[in-house]
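Input: a single structure, listed below in structure tokens.
The values are calculated or read from the model by the stated rules, or taken from the named source; none is laboratory data. Keep in mind that this is a model prediction, so the values were computed, not measured. Here the Cβ positions follow ideal geometry from the backbone for every residue, glycine too, while neighbour counts run over all protein chains shown.
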Amino acid sequence: DVSIGTWEEIPNVVEGLALFKEDESVASCYPLIVRGLEKGAIINFIARPWQMVAGISAASGGQWELAEQHFETALRQVSELQISFAEPEVRRWYGAMLLRRRKPGDREKAIEMFSEAVDMYNRCEMPRHCEMTRELAEVS
């Protein structure tokens, strides 16, 4: 079975691979992420929501409806648990997924997500994340 340390690192590895646009590798992690969710994983030790990571992985595999469900669940969880650091992260990744999916209304919703994320990053004093999010918004 997978060790506790490995479980803690899975969200970080998936997010890192996603940043390098390794879609195939990220998508292949989806069953393992779902397994973690089934075991009750919510957030890892550096505030990476498992539902967000599941959304990233599902989106990397083109599973848009699943990705959206995971991101919506992540938004609800981080709000309910008051994990302020994670709230803008979920919005940034969710917005990026919407831009990739390109359904009607996705671009507008992504811009709204990015705007909210930038406001939250500013409150957390995370200027580099503000910059990354603004760059995503400009690409849209």
**OP:** Would you please name the residue that is farthest from residue 44 (Cα to Cα), looking only at residues in the range 61-76 that are in a helix (DSSP H, G or I) and touching a helix residue (DSSP H, G or I) at 6+ places or on another chain (Cβ under 6 Å)?
**Re:** 64
**OP:** Please name all residue pairs, on different chains or six or more residues apart, with Cβ atoms under 9 Å, provided the first residue is in the range 96-118 and is under 20 Å from residue 86 (Cβ atoms) and the second residue is at pLDDT 95 or above and not in a helix (DSSP H, G or I).
**Re:** 98/105
**OP:** Run down 13, 90, 53 and say which single residue is surrounded by fewer than 22 Cβ atoms within 10 Å (Cβ to Cβ), within 29 Å of residue 122 (Cβ to Cβ), among the aliphatic types (A, V, I, L, M) and in contact (Cβ under 8 Å) with a residue 12 or more places away in the chain.
**Re:** 13
Subject >> Which numbered condition residue 33 fails, given (1) in a helix (DSSP H, G or I); (2) surrounded by fewer than 14 Cβ atoms within 10 Å (Cβ to Cβ) >> reply: (2)
